[in-house]
1. Looking at this structure, is residue 107 closer than 21 Å to residue 33 by Cα, out of contact with any helix residue (DSSP H, G or I) (no Cβ under 7 Å at 6 or more places or on another chain), of a type outside the set (Asp, Glu) and modelled with pLDDT of 95 or more?
2. Go through the range 170-188 and give me each residue that's buried (at least 20 other Cβ atoms within 10 Å of the Cβ) and either among the hydroxyl-bearing types (Ser, Thr, Tyr) or more than 19 Å from the chain's Cα centre (by Cα) (or both).
3. Out of the residues in the range 211-269 that are in contact with a Gly (Cβ under 9 Å, 6 or more places away or on another chain) and more than 15 Å from residue 194 (Cβ to Cβ), state the one that is surrounded by the fewest Cβ atoms within 10 Å (Cβ to Cβ).
4. State whether one or more residues within the range 189-196 are outside any strand (DSSP E or B), farther than 17 Å from residue 83 by Cα and among the β-branched types (Val, Ile, Thr).
5. Report yes if some residue within the range 213-228 is aliphatic (A, V, I, L, M), within 28 Å of residue 122 (Cα to Cα) and outside any strand (DSSP E or B); otherwise report no.
6. Which of the residues that make up the range 54-81 are under 19 Å from residue 113 (Cβ atoms), of a type in the set (S, T, N, Q) and not in a helix (DSSP H, G or I)?
7. Quick one: count up the residues across the range 104-115 that are in contact with a Gly (Cβ under 9 Å, 6 or more places away or on another chain) and surrounded by fewer than 15 Cβ atoms within 10 Å (Cβ to Cβ).
Amino acid sequence: MRKLLLIVFAMFLASNVFAQIDLGGKEKELARNFESLLKADTDSLKLTICNKIEDGFLEILTNEESFVYPFTELANMGKLTSPDDLLRVYNWNCVLSDGTYRYFGILQIKEKKSIRVEKLLDSTSDMDMMKQYSITDWGGALYYQIIPIKQKGSRSYFLLGWDGNNYQTSKKLIEILNIDNKGKLSFGSPLIFWRGKVLNRVVFEYAKQARMTIQYEEKAKRFVFDHLAPSKPIYQNQFEYYGPDFSYDAIEYRKGKWVLVENVDVRNK
């Protein structure tokens, strides 16, 4: 009986070692695919490689160990973990020959007894700020920060993101990811009060050569961002001429609502 237990224990240890080696091996394979993506010279080849990367991730992310695995060799993509340690976002893009971008994203969600993995499908359409989207008609972006939101009936997160858009403009966005009590995922939630409207998200568009920042100030519970304006009044709503005008606005949490506050003093924390 003792010998049998030792054999079973040895097999258990061996399986764990192989799982670790396999995870590292898969990471190296993904890294090689990202290197190939950088060298690819046609849209069809780029998209084929991105689909291969996506399949590789989907194969390994249900493994519980992958949730804490750092993937340090994958420098050409985004890897975010939420502050509550319940969500990971894996994200990368593909620049196409016409100057537009195709985005790829995978969500890894920690549940009570398992790891849930969901693929995001880039709809390649402009995002309506007053519309909610599913994971199959995702607007597409590269996310760089996750902020949990307290909201009844769902687990929700603000996502700060960037979209290269096209040759003329770039975009930044404040997105909202929802996971309701039944586990349904959606993007967008009517939480942001903006000049008489209630928005599901905020999308900023500006000139390609300009630089815009959005920062979340945790203590103040607010997002502070550059105010965008055209370089001349005649370019109103022509976003290839928009850029920061050295003033700042904010979305602040006030009495259970996220409210636009214009012309804020960034020195006042």
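The values are calculated or read from the model by the stated rules, or taken from the named source; none is laboratory data. Bear in mind the structure is a predicted one, so any value in this text is a computation, not a measurement. Here Cβ is always computed from backbone atoms with ideal geometry, including for glycine, and neighbour counts include all displayed protein chains.
1. Criteria met by residue 107.
2. 170
3. That would be 211.
4. The answer is no, given that none of the residues of the range 189-196 is outside any strand (DSSP E or B), farther than 17 Å from residue 83 by Cα and among the β-branched types (Val, Ile, Thr).
5. no
6. Matches in the range 54-81: 62, 63.
7. 1
Residue by residue, here is whether (1) under 14 Å from residue 101 (Cβ atoms); (2) touching a Lys or Arg at 6+ places or on another chain (Cβ under 7 Å); (3) among the aliphatic types (A, V, I, L, M); (4) at pLDDT below 95 holds:
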site	(1), (2), (3), (4)
132	no, no, no, no
139	yes, no, no, yes
158	no, no, no, no
198	no, no, yes, no
205	yes, yes, no, no
210	no, no, yes, no
